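What follows is a single structure, written as structure tokens, with notes after it.
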Amino acid sequence: PLWRTCFNPWFRGQALSMEGFKAWNKSSSILNRFLFPPPKASYSWSNFHGELVAVCTESGDSVFPCLLMPGVRKAQDSDEDEAATAVFIYCHANGEDVGLCYEAGHWLCENLGVHVVIPEYPSYGPSPGRPNELTVYENVRATYNMVTKGIGFSPRKVIMFGRSIGTGPAIKLASELDVGGLVLVSPFVSVGNIVQHHVGFLASWLTDGLADIFPSIDLIPDAECPTLLVHGSLDTVIPVTHSEQLHSASGGICKQLVILEGIGHHGIDLHIAVVNEAPRMFALDGDPKELNIDQQLNDPSKTNTRIRAPVPAWDCYSGRWCRTSLPIGEKPKISRWAGEMESGESEGHDVNTDDGTVGGDWFAERTVAAGIGVGGEGQVQQEREQFLQALHQPDEESVSGGALTSGKADGSPGQTHHFSMTYTPRPPSPVNSVSAAVGGRGGTELEEDRTVPPVGPDNPHKRFLY
């Protein structure tokens, strides 16, 4: 019809304008001040030799660090170790960087027998740029690209793991791309809901347009993979009701909600629950596959020189690996090809070095002062020490909060389980072990032993990528 011919271009223009406005709103929101308060960098490009790689985003103009932690497991038909099968992409919380997650990542490798990959967020650690929903998701998506296309893992062997603010990009990716599972530790319904909880209805109404940031409750129905949610009953940063709502809305083919009684927003207990539930939820077995990039780096057909970095780099833009080409510790550079270079641009320019600082304002200052979503550096450090003790001294009685949960009332999917957690140290066996006594609400008492070999220079389970 004539009216459709006349008005369709106008409607398309309005839709594009609205999408542009939403993108601008997400990137410039004052809420980014409290959503992403980067801590003092705990590492640099000179740390984690053999485990740190650089990743260039799909837009081709930003390079960020990423930790790759190879995992091993016991072979099914022998006592020999073999490479893990599944990969956990670990989206960390907002009060920590990749360096502060190092022990947690290795702890998951050792206790689950999986590979762990931890992408960095913009302005965290040595990563450049401004942190917001769009840029954080861009980094996470680029990491998925590296794991599936750069290293060759099947998407069905990729498990998205998000905790706190990291559950936002984890849910978004799982709702858009094919993954093998979704783990959500202390997730939230939406940023707007958190704001309303902490600063009241009036403040949230004044910032109603900002509620669209990480709308997890709207996205999770499209995440049709197996989904595990873990939350502490005493979490005051993100109340447990957020997990209950997400569990109800989840579109997962099977889904599980575990509520830990007496646990808050931080602590090793949340990860221990994941270790016990994940093998029942996800396909962690199958053909072993090394998390190793030597073969790709030595194949001329799979490499180029667009990214110059002090570590190997995966370039999503070109779909190629780049060998190490800068001295240890130097910042990565992007060497654009002649057809890409803009007028006046020199080859080999530094990547964006914007530190992501956001100007102060009354609302942001008040929300930051309230400690929304951060939980405090002290709690982050305390949690890190728990992982250190679990890795290196699992038999010490001073380990606080450590508990290995187990004991479903039944194996049916979609059920909520509550666990009371206690830690029961035992004398060290030939292989260091941790045990736990768990009382479920169903009245069952279960006990379980798990080996926790320490990570260190003498540990044969510690493997490097290159």
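Considering only region 167-195, state which residues are of a type outside the set (A, V, I, L, M, F, W, C) and farther than 26 Å from Glu290 by Cβ. Break it down into steps so the answer makes sense when it comes.
Pass one, region 167-195, residues of a type outside the set (A, V, I, L, M, F, W, C): 167-169, 172, 175-176, 178, 180-181, 186-187, 190, 192-193.
Thr167, Gly168, Pro169, Lys172, Ser175, Glu176, Ser186, Pro187, Ser190, Gly192, Asn193 - these are the residues of region 167-195 that are of a type outside the set (A, V, I, L, M, F, W, C) and farther than 26 Å from Glu290 by Cβ.
When residues of region 222-240 are filtered for being more than 18 Å from Ala174 (Cα to Cα) and in contact with a helix residue (DSSP H, G or I) (Cβ under 9 Å, 6 or more places away or on another chain), how many remain? Explain how you work it out, then say what you get.
If we filter region 222-240 for residues that are more than 18 Å from Ala174 (Cα to Cα), which is where we start, we get 231-240.
Narrowing the set further to residues that are in contact with a helix residue (DSSP H, G or I) (Cβ under 9 Å, 6 or more places away or on another chain) leaves 231-232, 235, 237-239.
Matching residues across region 222-240 total 6.
Which residue out of Leu260, Leu228 is crowded, with 23+ Cβ neighbours inside 10 Å and at pLDDT below 95?
Details: Leu228 fails: at pLDDT below 95.
Exactly one of Leu260, Leu228 is crowded, with 23+ Cβ neighbours inside 10 Å and at pLDDT below 95, namely Leu260.
Scan region 211-240 and report the pairs whose first residue is in a helix (DSSP H, G or I) and whose second residue is surrounded by fewer than 19 Cβ atoms within 10 Å (Cβ to Cβ) and not polar (S, T, N, Q), with Cβ atoms within less than 8 Å and a gap of 6+ or a chain change.
Taking only residues 6 or more apart or on different chains, the pairs are Asp212/Lys22; Ile217/Ala249; Ile220/Ala249; Ile220/Gly251; Pro221/Ala249; Pro221/Gly251; Asp222/Glu176; Asp222/Gly251.
Across region 245-257, what is the number of residues that are surrounded by fewer than 22 Cβ atoms within 10 Å (Cβ to Cβ) and either touching an Asp or Glu at 6+ places or on another chain (Cβ under 7 Å) or among the aromatic types (Phe, Trp, Tyr) (or both)? So that I can check it myself, show each step before the final result.
Going through region 245-257, the residues surrounded by fewer than 22 Cβ atoms within 10 Å (Cβ to Cβ) turn out to be 245, 248-249, 251, 253-254.
From what is left, the residues that are either touching an Asp or Glu at 6+ places or on another chain (Cβ under 7 Å) or among the aromatic types (Phe, Trp, Tyr) (or both) are 251, 253.
Going through region 245-257 one residue at a time, the tally reaches 2.
Looking for something open to solvent by 10 Å² or more (accessible area, probe 1.4 Å) and part of a strand (DSSP E or B) - is there at least one such residue anywhere in region 63-70?
Looking for residues that are open to solvent by 10 Å² or more (accessible area, probe 1.4 Å) and part of a strand (DSSP E or B), one finds none in region 63-70, hence no.
The values are calculated or read from the model by the stated rules, or taken from the named source; none is laboratory data. Here the structure is a predicted model, which means the values were calculated and not measured. Because the Cβ atoms are built from the backbone with ideal geometry, glycine has one as well, and the counts that use them run over all protein chains shown. In case anyone asks, the SASA skips ligands and DNA or RNA and just uses the protein heavy atoms, side chains included. Shrake-Rupley method; radii C 1.70, N 1.55, O 1.52, S 1.80 Å.
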